[in-house]
Amino acid sequence: MSRTARVGVLVSGRGSNLQTLLDAAADPWFPADITVVVSNVPGAFALERAAAAGVPALTIDHRGRGRAEFEAELLAALSDVDIVCLAGFMRVLTPGFLNAFPNRVLNIHPALLPAFPGLHGPAQALAAGVTQAGATCHLVDAGVDTGPILAQGSVPVLPGDTEESLAARILPLEHRLFPLGLRWLAEGRVTVTDRRAQVALQPGESRWLSFSPPA
Ligand code: GRF
């Protein structure tokens, strides 16, 4: 993209991932601007974060209307954006929406995909007895958390972990991966071939982040 990418962020809840994107975009050197935030949940705290950052925010409630109508309203709200980020957005988007943004919809997921897609990634990891959990930043396709992977990172699963404690360990990783993926996409450094992503990395960059324990 030859100009600063315009980004719309879809949210459903507290919006900590939205906050990391807003914080990243506050840096004048970041290659993307967050230009609109849309929540499908009225009153979501993420809307307050958008307002605090001076970013236009609106609610498009998915309830009481069909999926096609809901997505048409979303598309209208996003008519001026280049990239869409799903930051804790709890609705599945159909090809009717995704085709408007080919390989331009980015998601953050709290698991090491392709393991544990869908809801409750950390709980799925605990139930499976894995020793490493993690997060994935990926492009969105018509499946549930099946799109091309841009970046991943892992954290250990520790004895006595609960869904909450593991999710809390994963969250800081999400907050590092999401702005990274957005940067690469906005800078036009991502290509997709055969449903796999390639990233033109710069020196010192990696598509894999490892756990750094709190200082
Ligand atoms: C995150 O764990 C995200 O990976 C998942 O939902 C959670 C949203 O958290 N899809 P937040 O709203 O960004 O704080």
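The values are calculated or read from the model by the stated rules, or taken from the named source; none is laboratory data. Model, not experiment: these values are computed from the prediction. So basically every Cβ, Gly included, is an ideal-geometry build from the backbone, and we count neighbours across all protein chains shown. Just the protein is used for accessible areas: all its heavy atoms, side chains included, with ligands, DNA and RNA removed. Shrake-Rupley method; radii C 1.70, N 1.55, O 1.52, S 1.80 Å.
For 196, 189, give the ranking by accessible area with the largest first, probe 1.4 Å. Don't skip to the end; give the middle numbers.
Details: 196 155, 189 30 Å².
Per-residue accessible area, sorted high to low, gives 196, 189.
For a quick check: with amide H placed at 1.01 Å from N, whose amide H comes under 5 Å from residue 59's, ignoring anything fewer than 5 positions away on the same chain?
The list, which skips near neighbours in sequence, is 39.
Could you give P(r) for the chain, binned at 5 Å from zero, as whole percent values over all Cα-Cα pairs?
1, 7, 16, 19, 21, 17, 12, 5, 2, 0
Test of understanding: what is the full-extension gain from residue 146 to residue 16, defined as 0.36 nm times their sequence separation minus their Cα-Cα distance?
Details: separation 130, 0.36 × 130 = 46.80 nm, distance 2.29 nm.
So the extension gain works out to 44.5 nm.
Summarise the accessible area of the chain (1.4 Å probe, protein heavy atoms) by the percent that is carbon and sulfur. Let's see the in-between values first.
Numbers: 5670 of 10050 Å².
Roughly 56 percent of what the probe reaches on the chain is carbon or sulfur.
Using a simple spin-label model with points 7 Å from Cα along the Cα→Cβ vector, what separation in nm is obtained for residue 79 and residue 45?
3.4
With θ set to phi - 60°, apply the Karplus curve 6.51 cos²θ - 1.76 cosθ + 1.60 along region 60-72 and write out the HN-Hα couplings as whole Hz, x wherever there is a Gly or Pro.
Couplings: 10, 6, 7, 6, x, 8, x, 4, 5, 5, 4, 5, 4 Hz.
How large is ³J(HN,Hα) for each residue in region 113-129, as worked out from phi by the Karplus curve 6.51 cos²θ - 1.76 cosθ + 1.60 (θ = phi - 60°), to whole Hz, x for Gly and Pro?
So the Karplus estimates, Gly and Pro as x, are 4, x, 6, 6, x, x, 6, 6, x, x, 5, 4, 5, 4, 5, 7, x Hz.
Among the chymotrypsin sites (Phe, Trp or Tyr not before Pro) in region 10-115, which ones are in a DSSP loop with at most 14 other Cβ atoms within 10 Å of the Cβ? Mind listing them? If you can, show how the numbers build up before the last one.
Details: sites: 29, 45, 70, 89, 97; in loops: 29, 89.
Counting only loop positions with at most 14 other Cβ atoms within 10 Å, the chymotrypsin sites (Phe, Trp or Tyr not before Pro) in region 10-115 are 29.
Take every Cα pair under 8 Å in the chain that's 6+ residues apart, average their separations, divide by the length, and report that relative contact order as a whole percent.
On the way: 415 pairs, mean separation 40.1, N = 215.
With pairs under 8 Å counted, the relative contact order is 19 percent.
Which order do 161, 194 take when ranked by solvent-accessible area (1.4 Å probe, heavy atoms of all protein chains), largest first?
194, 161
Once you put a point 7 Å from the Cα of residue 200 and another 7 Å from the Cα of residue 72, both along the Cβ direction, what distance in nm separates them?
Going from the residue 200 label point to the residue 72 one covers 3.9 nm.
Using the alpha carbons of region 87-159, what is the convex hull volume per residue in cubic angstrom, as a whole number?
Values: hull volume 5.7 nm³, N = 73.
Spread over its residues, the Cα hull of region 87-159 gives 79 Å³ apiece.
Give the accessible surface of region 20-107 per residue, rounded to a whole number of Å², with probe radius 1.4 Å and ligands, DNA and RNA excluded.
Numbers: 4100 Å² over 88 residues.
Result: 47 Å² per residue.
Between region 110-134 and region 4-37, what's the alpha-carbon centroid distance in Å?
26
Check which residues have an amide H placed less than 5 Å from residue 211's amide H, if you skip close sequence neighbours.
154
Could you give the nm distance between label points at residue 92 and residue 163, where each point is 7 Å from its Cα heading toward the beta carbon?
Going by the 7 Å Cα→Cβ label model, 1.9 nm.
Which one of 96, 134, 15 has the biggest mean-square fluctuation once the chain is modelled by GNM with Cα springs under 10 Å?
Between 96, 134, 15, it is 96 that shows the largest mean-square fluctuation.
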